[in-house]
Amino acid sequence: MSPRAGRVSSFDRVAHGRPPGLGDGPSGAHAVSAWPDVAFLAVIVLVSCTPYVGGLGLYSDDWAFMSTLHDAGGSFPRLFGAILPMEMSTRPVQAVLLAALYAVFGNDPLGWHVTNAFVLTATVVLFHLSLRAIGFARLPALLIPLVFGLLPHYSTDRVWIAAFQANAALLLYFASLGADLQFLRRADARRWLWKGLGSAALVASALAYEVTAPLLLLNVVVLGGLGSFERARRATPRLGPTLAGIVSNVVLLAATIGYKLSTTIRADISGGYIHRVLRIVREAVPVHFGDYGVELPARVVQILSGGPAPWVVAVAALIGLATGIWLLVRDREGAETAIRRVDWRAITGLGAILFVAGYGVTLMTWEIGFHATGANNRTAIVAAIGVAFVFVGVLGWIARSLPSARTGRRAIAVLAGMLAAVVALITGSVADHWADAAREQEAVIAAIHERFPDVPAGTTLLLDGLCPYVGPAPVFATGWDVTGMLQLTYDKRDVRGDVIKPNSEATPEGLRTTLFDDVINVYPYGSDLYAYHVASNDVYPLPDEETARRYLEGFSTMARPACPRYSDGDGIAIF
């Protein structure tokens with residue numbers, strides 16, 4: 001009899017719904033199908049998007065993208081060729097995504113946002129299946145993707161079209177991981193087909209968004225570790241194919257990173273790496289484990305006391321209740337086994353490693369920001385995987401410390417349900433600000449169109465008398481969003497626009513606006529330069545410096561709305 005006879009590999013166990021627990025080996029398996037959990041995760045993530053997805057619109061860069069794509073029109077190659085030069089040569093997969101979605105949905109944002117919700121859902125599902133294929137017990141393999149799929153830590157990736165590539169990159173990452181796991185599992189010729197698919201997904205993930213590069217590097221560790229495990233369980237060692245898979249991943253990832261470094265102007269690998277790592281500890285940890293960690297109860301009180309959207313609260317409560325019930329009634333014996341046999345401290349420690357790795361891109365650039373709700377949290381999507389590991393590890397450790405496994409199972413069901421409800425409430429509340437901003441945009445656009453049924457070619461319209469942000473969500477805050485909006489509204493490429501803010505000033509060269517302290521636009525005076533005060537519906541020609549100065553220091557200042565304090569890019573801090 002072959003040494004393998006009568007024994008079942010971890011991959012075969014997963015195929016039959018019997019994954020081992022992390023650290024407890026094959027004997028810790030409990031027969032249970034994976035597919036009900038897949039359906040549960042898919043439903044939960046999709047339901048979590050329902051309070052806000054229908055109200056989302058276009059924001060900031062989205063307007064410029066849409067204007068460019070609208071002007072290009074025609075076939076997918078034309079759309080791709082038009083959007084690629086918009087600083088996307090280093091992320092060509094993002095250009096593919098934008099061109100493809102525009103070819104299907106045009107300027108209507110609903111289809112874009114619904115598609116993104118399904119991409120996020122598919123990512124969570126593949127995350128779950130990958131953990132099971134690696135050998136995680138069902139309980140952590142269910143809870144970690146569930147928590148990740150609801151976290152507000154990367155909320156911008158859920159609502160901003162310009163950040164959709166983050167979700168696509170992570171989906172491609174898990175597709176790459178899953179294909180590599182199939183490559184290890186199989187012994188026939190089809191294994192190389194899986195390897196080819198995994199390699200393609202690896203390259204596409206890195207070319208979509210560079211934040212997944214550290215995870216792709218961790219795949220090498222997974223391949224090596226599981227490859228050794230599989231060889232130990234087979235009659236004939238197969239080091240060659242495993243080594244080939246590892247080498248191909250390293251070579252492809254190195255080539256992809258090299259390409260990105262050669263095509264971006266934002267890279268900086270000049271040194272200071274210790275300082276960069278310390279920056280993660282100093283700036284990222286307080287956001288992810290402070291604002292959205294130990295202060296989660298304070299966030300809930302703040303939201304509930306501020307009059308949240310009823311649908312957001314109802315959906316969050318439903319998610320929490322469904323999570324608790326699902327954990328209580330399904331796979332009781334397996335859950336109780338996992339409470340005792342899973343090494344929850346190891347899961348927490350792995351989460352800390354993944355969190356730091358999630359910000360590994362900071363080793364290549366300084367242009368990474370950390371924010372709880374603003375646009376800068378779009379880069380946190382990979383680090384949020386580590387956060388989910390840590391949160392679930394802590395819950396499991398608490399449950400394991402209780403007197404019995406049955407009590408622990410009940411405790412983790414209650415705690416996980418509460419955590420799911422809390423993070424879903426916060427995520428929905430943050431996203432609701434973006435829906436509010438879209439409604440504000442509609443009002444502004446309607447006012448502009450009513451005041452200006454048409455505009456002459458070459459017109460520059462500077463908006464004044466509006467608040468640029470609703471919470472973290474931009475209404476109109478930059479030159480490129482106002483310009484894109486005007487070009488789409490009037491179907492003219494030769495109109496421009498911007499927003500007059502307190503830091504705008506009249507200079508001899510023209511009226512100057514500033515963004516991020518370094519993005520400066522100067523609009524020359526003349527018969528085609530106007531300030532439109534949205535609140536009063538008044539129009540002011542700006543033919544010369546003196547007129548512009550009087551307007552800025554007089555009416556603009558006196559009629560300025562009482563906007564909450566905001567910062568460029570991240571908007572108004574709501575927590």
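The values are calculated or read from the model by the stated rules, or taken from the named source; none is laboratory data. It should be emphasised that the depicted structure is a prediction, and the values quoted were computed from it without experimental measurement. Because the Cβ atoms are built from the backbone with ideal geometry, glycine has one as well, and the counts that use them run over all protein chains shown. Surface accessibility is based on the protein's heavy atoms, side chains included, excluding ligands, DNA and RNA. Shrake-Rupley method; radii C 1.70, N 1.55, O 1.52, S 1.80 Å.
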Worksheet item: For the stretch 155-227, what's the relative contact order in percent, using C-alpha pairs closer than 8 Å and at least 6 residues apart?
Response: 35 percent
Worksheet item: Can you list the lysines whose alpha carbon is less than 30 Å from that of K501, not counting same-chain residues fewer than 8 positions off?
Response: K492
Fill in: Across the chain: Cys residues that no other cysteine approaches within a C-beta distance under 4.7 Å
C49
Practice prompt. Would you mind getting the Kirkwood hydrodynamic radius of the stretch 392-535 from its Cα pairs, rounded to one decimal in Å?
Written response: 18.5 Å
Worksheet entry | Qualifying aspartates and glutamates (Cα of each under 18 Å from Cα of K260; at least 8 residues distant if same chain) | E87, E210, D268, E367
Fill in: Largest to smallest accessible area among S305, S60, S75 [probe 1.4 Å]
S305, S75, S60
Discussion item. As a test question: what accessible area, to the nearest 10 Å², does C563 have when a 1.4 Å probe is rolled over all protein chains in place?
Written reply: 40 Å²
Worksheet entry | Two-decimal ratio, the chain, of alpha-carbon radius of gyration to 2.2 N^0.38 Å | 1.05
Worksheet item: Taking only the alpha carbons of the stretch 372-461, what extent do you get along each of the three principal axes, in Å, biggest first?
Response: 76, 22, 12
Fill in: Computed Kirkwood radius, in angstrom, where 1/r is averaged over Cα pairs of the stretch 36-177
16.0 Å
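Quickly estimate the mean residue ellipticity at 222 nm for the chain, helices only: each DSSP H run with n ≥ 4 gives -39500 (n - 2.57), and the total goes over all residues, rounded to 500.
Mean residue ellipticity at 222 nm (helix-derived): -19000 deg cm²/dmol.
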Response to the item:
Percent antiparallel among DSSP beta bridges confined to the chain, nearest 5, equals 65 percent
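Which helices of the chain meet both criteria: a Cα extent of 30 Å or more along the helical axis and a mean Kyte-Doolittle score no lower than -0.5, with helices taken as whole DSSP H segments?
Span-like helices in the chain: 109-134, 164-185, 213-233, 239-263, 405-451.
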Worksheet item: For the chain, with the dipole built from +1 on Lys and Arg beta-carbon atoms and -1 on Asp and Glu ones, taken about the Cα centre, which of G290, A437, P109 lies farthest toward the positive end?
Response: G290
Worksheet entry | Percentage relative contact order, the chain, counting C-alpha pairs under 8 Å, at least six apart | 17 percent
Worksheet, complete the sentence: Charge tally for neighbours of D71 with beta carbon under 12 Å away, counting Lys, Arg as +1 and Asp, Glu as -1, is +1
Fill in: Loop sites in the stretch 440-485: chymotrypsin sites (Phe, Trp or Tyr not before Pro), DSSP, at most 13 other Cβ within 10 Å
none
Worksheet entry | Cβ-defined net charge surrounding Y540, 11 Å radius [Lys, Arg +1; Asp, Glu -1] | -1
Fill in: 5 Å binning of all Cα-Cα separations within the stretch 58-117, expressed as whole percents from 0 upward
4, 21, 33, 28, 13, 1
Item to complete: Could you tally the net charge around K492, taking each other residue with its Cβ under 15 Å from the Cβ of K492, Lys/Arg +1 and Asp/Glu -1?
Response: -3
